Amino acid sequence: MKRLIPLLLLLAACSSGSQPGTTSVPGQGAISVTVEPNPIRATQVSGNTYDFPFEVVIRETGGRPLNVTRVSVNVTALGGLSVHRESWDAERIRSMSYSTAIGARSEVRYRFAPRKEVPDERLFGGVNAELTVDAVDDTGSPTSASTTVTVTR
């Protein structure tokens, strides 16, 4: 189980993708979130070591500037068993050199290429992560979006 944690942390640190969900109210900021590519394709470096290159894209879709306030992830395995949860507030996101500000009708992209050990390649067939991004627009109105990502080899 200890060796499974790095893969799950990888997904927790970066996941999102297949079916973006957006909460939208007319006249307020709204966001969508995707991961490119999805599924994430693991590239074997050597032995049990893999690179997981992907890009998280957060788009403002409601026509108002906003700020990302939190990114949360719930990683599941083995048919939906929750194995890891983590969240990053705006301060932590900025400490990673990412902007939390998104202009109206614009986007931010967070690129990742973590290198992780995967002790059993069968894990590629059963790990999913739901990523949720919370934000607030320039009027103080909250918005959120979520999506799910998978990993393949």
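Share of the range 54-153's accessible area from carbon and sulfur, percent, 1.4 Å?
46 percent
Output the peptides 93-100, 37-44 sorted from most to least packed, where packing is the average of other Cβ atoms within 10 Å over each peptide's residues. Please report the intermediate quantities before stating the final value.
On the way: 93-100: 13.9, 37-44: 16.6.
Highest to lowest by the protection proxy: 37-44, 93-100.
Can you give me the relative contact order of the range 63-153 as a percent, contacts being Cα pairs under 8 Å and 6 or more apart? Walk me through the intermediate numbers first.
Working: 147 pairs, mean separation 33.4, N = 91.
Once normalised by length, the contact order is 37 percent.
Under the 0.36 nm per residue contour assumption, what length would be gained going from the current alpha-carbon distance of T152 and E55 to full extension? Walk me through the numbers on the way to the answer.
Numbers: separation 97, 0.36 × 97 = 34.92 nm, distance 1.56 nm.
Here the answer is 33.4 nm.
Just the number please: accessible area per residue for the range 103-153, 1.4 Å probe, all protein chains included, in Å². Intermediate values should be presented prior to the final figure.
Values: 2610 Å² over 51 residues.
I get 51 Å² per residue for the range 103-153.
Could you check the spin-label model distance between R92 and R41? Points 7 Å from the Cα along Cα→Cβ, value in nm.
Inter-label distance under the simple model: 3.1 nm.
If you find the alpha carbon centre of the range 114-138 and of the range 37-87, how far apart are they in angstrom?
Centre-to-centre distance over Cα atoms comes out at 4 Å.
Suppose R0 equals 22 Å; then what is the FRET efficiency for R85 and E117 from their Cβ-Cβ distance, rounded to the nearest 0.05?
On the way: r = 22 Å, r/R0 = 0.98.
Computed FRET efficiency for R85 and E117 comes out at 0.55.
The values are calculated or read from the model by the stated rules, or taken from the named source; none is laboratory data. Note that this is a predicted model, so its numbers are computed, not measured. Neighbour counts are summed over all protein chains in view; Cβ atoms, including those assigned to glycine, are modelled from backbone coordinates with ideal geometry. The accessibility values were calculated without ligands, DNA or RNA, using every heavy atom of the protein model including side chains. Shrake-Rupley method; radii C 1.70, N 1.55, O 1.52, S 1.80 Å.
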